[in-house]
Amino acid sequence: MLGALLFSVPAHAAGSLVITQKSPLEIFGDWTLTQPNGGQVTIRGGETKSFPLATAGVYVLMVTPPTDAKLAATVTTDGTQTLATVQRNFSFDIADGQNVDILLSYRYDGIVVVDSEPQGASFELLAASSLRLTGVTPATFTGMAPLTYRVTFQQLPDCYILPQQQRTLGANETLSFFGNYTCGAQRSSSSSSASSASTVPGAEVPNERTVRIWVAAHQAEVLPGDTARFTITVKNTGDRTVHDLAVSAQFDPRKLAAGATLPRFGTLDGNVVAWKIPDILAGQYWSVTLPLTVNASLQQGNTATVTARVSASDLTGGTDDQHVATASVGVMTTLPQTGMRFDILFLLFAIAWTIVLAGMQRKQTVKVRK
């Protein structure tokens, strides 16, 4: 009798619920789910939350997007979209045995424009959120978050390296970067060019096997412990192919250090990074960008220098001014007014966002729509 009574009690039906957040910067919002029985679940950040046994009934979801982000929410029930909304508070139903998926998508309406003169220059765009974008000028990026962005332009033939540019994008505003190359003559500053010779780099010598090397620092100053980047470029300035080239970059190990993995299959011997190049055709270039870590104990006013050299088995001319080049970066211990370290900026951004969110939550009255 008791067994029959137990079997006569209907089983507790349930469905499933999955809530996923999607953000181009992987900075996620907070949400609070009110369940049919009145209980609440709050998730602060995080990408996905699953409820494998969700009680049938009406649910209410309240979403707080990341600062300055815009929300688009979709509800899919058993593979069919049943709701699409931009409201932060919305309700939905789960029936017995239904599988419900909710996608919370965040977007930003900022615009970043990168251009140069001449156009057609390759570049790398970085942001504090580990965002990395590449392209060729002119280029426009939409849906960008209000962060600090840094652009590095690639070297063009017979043009000197442009310094990095760093600016902050306001919420849903437009930010422009412009690289104005100076081409056809070597920069005279020792911080960005290697040679002090009066001849123009790239001038071809008839019936000769000759080369020229120069090196440029990507920035004028760097913080202790940060990475300084130097681009070394070699050009065959003659009209015949040059063979078996050896290119090297020497630095003071008390100030700079090379990583374990070197670009373009470089090798490290003490404080010298070296590359072997089988040949460079007449008028052609070979280039490499070398990252070096600045000693964290260096003090303000120190200078870190890289000396680049080139040689080849069949050169027929050239001088030390053409075969040796230097570039330097200064060491600073305080941040310039034009920018700050990305990790510090990101930390400040996160703290500010947390304070704003806390204030909003204190003022917010929970309203459940039935």
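The values are calculated or read from the model by the stated rules, or taken from the named source; none is laboratory data. Source: prediction; values computed, not measured. Using ideal geometry, Cβ is built from the backbone for each residue, glycine included, and neighbour counts are taken over all protein chains shown.
Restricting attention to region 167-180, which residues are in a strand (DSSP E or B) and surrounded by 18 or more Cβ atoms within 10 Å (Cβ to Cβ)? Before you say what the answer is, go through the steps one by one.
Restricting attention to region 167-180, the residues satisfying the condition of being in a strand (DSSP E or B) are 167-168, 174-180.
Within region 167-180, L175, F177, G179 meet the criteria.
So if I check each of T134, T140, which one is in contact with an Asp or Glu (Cβ under 8 Å, 6 or more places away or on another chain) and in a strand (DSSP E or B)? Step through it out loud before you land on a result.
Values: T140 fails: in contact with an Asp or Glu (Cβ under 8 Å, 6 or more places away or on another chain).
Just a single option satisfies the conditions, and that option is T134.
Please list, ordered by first then second residue, the pairs with beta carbon atoms under 6 Å, 6 or more apart or interchain, first in region 88-107 and surrounded by fewer than 16 Cβ atoms within 10 Å (Cβ to Cβ), second of a type in the set (S, T, N, Q) and modelled with pLDDT under 95.
Between residues of region 88-107 that are surrounded by fewer than 16 Cβ atoms within 10 Å (Cβ to Cβ) and residues that are of a type in the set (S, T, N, Q) and modelled with pLDDT under 95, the close pairs are N99/S16.
Scan region 181-188 and give yes if some residue there is under 20 Å from the mean Cα position of the chain (by Cα), at pLDDT 75 or above, loosely packed, with under 15 Cβ neighbours inside 10 Å and part of a strand (DSSP E or B), otherwise no.
Looking for residues that are under 20 Å from the mean Cα position of the chain (by Cα), at pLDDT 75 or above, loosely packed, with under 15 Cβ neighbours inside 10 Å and part of a strand (DSSP E or B), one finds none in region 181-188, hence no.
Among the residues of region 251-269, is any in a strand (DSSP E or B), over 30 Å from the mean Cα position of the chain (by Cα) and either surrounded by 13 or more Cβ atoms within 10 Å (Cβ to Cβ) or free of Cβ contacts under 8 Å to residues at least 40 places away in the same chain (or both)?
If we filter region 251-269 for residues that are in a strand (DSSP E or B), which is where we start, we get 251, 256-258, 267-269.
Those left that are additionally over 30 Å from the mean Cα position of the chain (by Cα): 269.
Those left that are additionally either surrounded by 13 or more Cβ atoms within 10 Å (Cβ to Cβ) or free of Cβ contacts under 8 Å to residues at least 40 places away in the same chain (or both): 269.
Looking through region 251-269, at least one residue is in a strand (DSSP E or B), over 30 Å from the mean Cα position of the chain (by Cα) and either surrounded by 13 or more Cβ atoms within 10 Å (Cβ to Cβ) or free of Cβ contacts under 8 Å to residues at least 40 places away in the same chain (or both).
Based on what the data block shows, is T233 modelled with pLDDT under 95, loosely packed, with under 14 Cβ neighbours inside 10 Å and touching a strand residue (DSSP E or B) at 6+ places or on another chain (Cβ under 6 Å)? Break it down stepwise before answering.
Numbers: modelled with pLDDT under 95: yes; loosely packed, with under 14 Cβ neighbours inside 10 Å: no; touching a strand residue (DSSP E or B) at 6+ places or on another chain (Cβ under 6 Å): yes.
No.
Do you know which of the residues in region 120-135 that are among the aliphatic types (A, V, I, L, M) and closer than 17 Å to P163 by Cα is modelled with the lowest pLDDT?
Step one: filter region 120-135 for residues among the aliphatic types (A, V, I, L, M), giving 121, 125-128, 131, 133.
When the remaining residues are screened for being closer than 17 Å to P163 by Cα, the result is 121, 125-127.
Details: A121: 90, L125: 92, L126: 90, A127: 84.
Checking each candidate, the answer is A127.
I'm checking my understanding of the structure. Among residues of region 130-159 that are buried (at least 16 other Cβ atoms within 10 Å of the Cβ) and among the small types (G, A, S), which one is nearest to V234 (Cα to Cα)? Even if it seems obvious, please write down each step before you answer.
Residues of region 130-159 that are buried (at least 16 other Cβ atoms within 10 Å of the Cβ), as a first pass: 131, 133, 137, 139, 141, 144-156, 158-159.
Narrowing further to those that are among the small types (G, A, S): 139, 145.
Numbers: A139: 29, A145: 39 Å.
In this case the residue turns out to be A139.
Identify the single condition in (1) touching a Pro at 6+ places or on another chain (Cβ under 9 Å); (2) surrounded by 21 or more Cβ atoms within 10 Å (Cβ to Cβ); (3) of a type in the set (A, V, I, L, M) that L162 does not satisfy, given that it satisfies every other one.
Unmet for L162, out of (1) touching a Pro at 6+ places or on another chain (Cβ under 9 Å); (2) surrounded by 21 or more Cβ atoms within 10 Å (Cβ to Cβ); (3) of a type in the set (A, V, I, L, M): (1).
Taking G120 and the conditions (1) surrounded by fewer than 16 Cβ atoms within 10 Å (Cβ to Cβ); (2) not in a loop (DSSP other than H, G, I, E, B), which numbered condition does it fall short on, given that it satisfies the others?
Checking G120 against (1) surrounded by fewer than 16 Cβ atoms within 10 Å (Cβ to Cβ); (2) not in a loop (DSSP other than H, G, I, E, B), the one that fails is (2).
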